[in-house]
Amino acid sequence: MLPLKRSSKRSPALLTQAIALLFLQSAGAMAQQVPPKPAEPATIAAQAKLKQTLPFANKQDFDDARYGFIDTLPDALIAGPAASPVPAWNMKPYAFLQKDASPDTVNPSLWRQAQLNSIHGLFKVTDRVYQVRNFDISNMTIIEGDKGLLIIDPLLTKETAAAALALYYKHRPKKPVLNVIYSHSHADHFGGVKAVVDAADVAAGKAQVIAPDGFMEHAVAENIIAGNAMSRRAQYQFGALLPPGEKGQVDTGLGKALSRGSLTLIAPNVLIKQDMEKHVFDGIEIVFNLTPGTEAPSEMNMYFPQFRVLDMAENTSHNMHNLYTIRGAEVRDGNAWARYIDEALGAFGSGSDYLIGQHHWPTRGQDKIADFMKKQRDMYKFIHDQSVRLLNQGYTPNEIAETLQMPESLANEWADRGYYGTLSHNSKAVYQKYLGWYDANPANLNPLPPVEAAKKYVEYMGGADNVIKRAREDFKQGNYRWVATAVNHVVYADPSNKEARELAADALEQMGYQAEAGTWRNAYLFGAYELRNGMPKINAPSSLTADALQALSLDLFFDFLGVRLNAGRAEGKHIVINWQFTDTKQVYVLNLENSALTYTSGKPAAKADTSLALDRPTLNAIMLKQLTFPQAVQTGKIKLGGPPDKLVELFSMLDEFNPMFEIIEPKKTAAK
């Protein structure tokens, strides 16, 4: 009755429960597809030109990525949950990346990054410090303490985390895991925790889970309010429904792909609340450097002085990260991000021989670490400052994105290339942060909506046939961006126009082949797929896990009810309901008035239409669809203090969000 979808109230999580579960359920949904097409001459020429402009002879990253290798699993094949025939992780489909030369259908720079992200297994960083890399999109770091192990970021799912720890135990003493650190509040950095530590041991204080202040609030809140929309958009960004291959998904830039397994969460019992807090866990000295509002709203770097290891979490990586993620998110502050990198460099740089992160491979040597951190710092600072400079000169987001070019000293650095974020959409993010969506041109203040505008564009351009005819000429010239824009209007004016859909798909496909960013490639190719084949027919499960529900605040629950309220159905209604939670002793008043659902807490309303008393586990069971509201009433799990009519009426006004909605073509049903 009360299904919740993944979303974000703040800067949304990189990977969320909804995305991973959706991909698990929908694996194989695109097996029957129209075959992709080869690279066009303009694409072949663009790839060849790029090969001449970047330092491909520099193989240092490959040496660094292989350094300290101990062992791996064949194809890194990891079985999925017991009920699933789909592996949680499998690198065999990416065997095509073993070719040295990139094909015409993949940007050569992205091909290089995809090859680096294919180097998988257990690696020794230095004495007592190990990493398992590319058993998931993120890294698991394992540090040996006096009596047990400390694990940083137990991957996205239980299955991959268990396999990573088992591989470590194959080569090292089987000490118990006594401490787990969550570097930040994104699910790919905590979802496998129950594979490495027992929740009962944490509750009893036998093991510790350490996280930055605000972790639980952000880890859960980021998975609620707008999650239905972001889950759908994530299909475009991550490309997990695309088959791996030279004409399909090759990488995300940040890592190979998302694992497909079981997500878990254990609430931390140690919170780091002060910047530069110093702790000793099982003989391991750690200085925690809090970096809120950078890559995640709750994040921290970690310095290990006795090992001379600096862990920058996800604040530095071997690519340009996102100030805005294209599946939807609040903008991150590039200025603050740069400042935090500089702070870490100043505090720990001279005492570090190894810089590790929770994605990608380490950097070794003080000079290389300093150079790497300075250029990561300056990359985010450049994007922020130069975008602000141009917006202050009156440039619009698109103009800024077309104008900005990285200085040569950064553009030729592999670690600053746009494999995940891009200079284009990050510069637009800076504009959005300061000035919002409006570019100040009154013509853009209240434009026609997409379908109405498309019909007028097509009419003014002489009709669909004329648009398609002229677009085909531009396609031959390699003007794919304009072809995609122009023919998109035809598709929106008439989504049944097969010729327009095919040409739009062809243009997006070539743009995908040329894209350096794994995220852009995935978006273009998935858009082409849907134009040719329609939306995949998949059954998307609810995104909220039982573990996440344990941490869900009641305020957030009632906030989510509010965004599900259908204002039209609520027009003219006034309903007041008292909620009493018998186990937590919390009281809420839910008020429907003026087509808005508000709530207060603390004491019940004197005049309510009805009231209900229940405990939190009952609410959780209803939200997980393990129990219906009528069943809860009939079994006495919910006690009503009045007639149920108004309660039933209120819940009849709540929308159920469709997890699959149109993106590349007009909505088939109008908003109600």
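Overview of values
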| read-out | value |
| --- | --- |
| Gln514 exposed (fewer than 13 other Cβ atoms within 10 Å of the Cβ), in contact (Cβ under 8 Å) with a residue 24 or more places away in the chain and closer than 30 Å to Thr53 by Cα | no |
| Odd one out for His186 among (1) modelled with pLDDT under 95; (2) open to solvent by 10 Å² or more (accessible area, probe 1.4 Å) | (2) |
| The listed residue being touching a Pro at 6+ places or on another chain (Cβ under 7 Å) and on the phi < 0 side of the Ramachandran plot, out of Tyr431, Tyr460, Tyr480 | Tyr431 |
| Candidates Ile142, Ile119, Ile151 - the one that is aliphatic (A, V, I, L, M), closer than 30 Å to Ala515 by Cβ and touching a residue at least 24 places away in the same chain (Cβ under 8 Å) | Ile119 |
| Inter-residue pairs, beta-carbon under 7 Å, first within 20 Å of Gly255 (Cα to Cα) and in segment 339-368, second assigned to a helix (DSSP H, G or I) and among the aromatic types (Phe, Trp, Tyr), 6+ apart | Leu355/Phe372; Thr363/Phe372 |
| Criterion (surrounded by fewer than 17 Cβ atoms within 10 Å (Cβ to Cβ) and at pLDDT 95 or above) met by exactly one of Asp439, Asp465, Asp506 | Asp465 |
| Extreme residue, nearest to Ile151 (Cα to Cα), among residues of segment 239-256 that are assigned to a loop (DSSP other than H, G, I, E, B) and open to solvent by 20 Å² or more (accessible area, probe 1.4 Å) | Ala240 |
| Flag if Ala240 is modelled with pLDDT under 95, in contact with a strand residue (DSSP E or B) (Cβ under 8 Å, 6 or more places away or on another chain) and of a type outside the set (Asp, Glu) | yes |
| Ser262 under 25 Å from Leu122 (Cβ atoms) and modelled with pLDDT under 95 | yes |
| Selection count where residues are assigned to a strand (DSSP E or B), in contact with a strand residue (DSSP E or B) (Cβ under 6 Å, 6 or more places away or on another chain) and either open to solvent by 50 Å² or more (accessible area, probe 1.4 Å) or charged (D, E, K, R) (or both), scope segment 280-307 | 1 |
| Hits in segment 188-214 (condition: assigned to a strand (DSSP E or B) and more than 13 Å from Leu178 (Cα to Cα)) | Ala211, Pro212 |
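Each row is one residue, and each column tells you yes or no for (1) of a type in the set (Phe, Trp, Tyr); (2) closer than 30 Å to Met653 by Cα; (3) touching a Gly at 6+ places or on another chain (Cβ under 6 Å); (4) open to solvent by less than 30 Å² (accessible area, probe 1.4 Å).
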| site | (1), (2), (3), (4) |
| --- | --- |
| Lys476 | no, no, no, no |
| Thr485 | no, no, no, no |
| Tyr492 | yes, no, no, no |
| Glu530 | no, no, no, yes |
| Lys537 | no, yes, no, no |
| Leu561 | no, yes, no, yes |
| Asn566 | no, yes, no, yes |
| Gly572 | no, yes, no, no |
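Results for (1) under 30 Å from Met216 (Cα atoms); (2) in a helix (DSSP H, G or I); (3) not hydroxyl-bearing (Ser, Thr, Tyr), shown as yes or no for each residue.
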| residue | (1), (2), (3) |
| --- | --- |
| Val491 | no, yes, yes |
| Pro495 | no, no, yes |
| Ala504 | no, yes, yes |
| Gln510 | no, yes, yes |
| Ala523 | no, yes, yes |
| Ala548 | yes, yes, yes |
| Phe560 | yes, yes, yes |
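The values are calculated or read from the model by the stated rules, or taken from the named source; none is laboratory data. Quick caveat, the model's predicted, so the values are computed rather than measured. Cβ coordinates were reconstructed from backbone atoms using ideal geometry, including for glycine residues, and neighbour counts include every protein chain displayed. Ligands, DNA and RNA are excluded from the accessible area calculation, which covers all protein heavy atoms including side chains. Shrake-Rupley method; radii C 1.70, N 1.55, O 1.52, S 1.80 Å.
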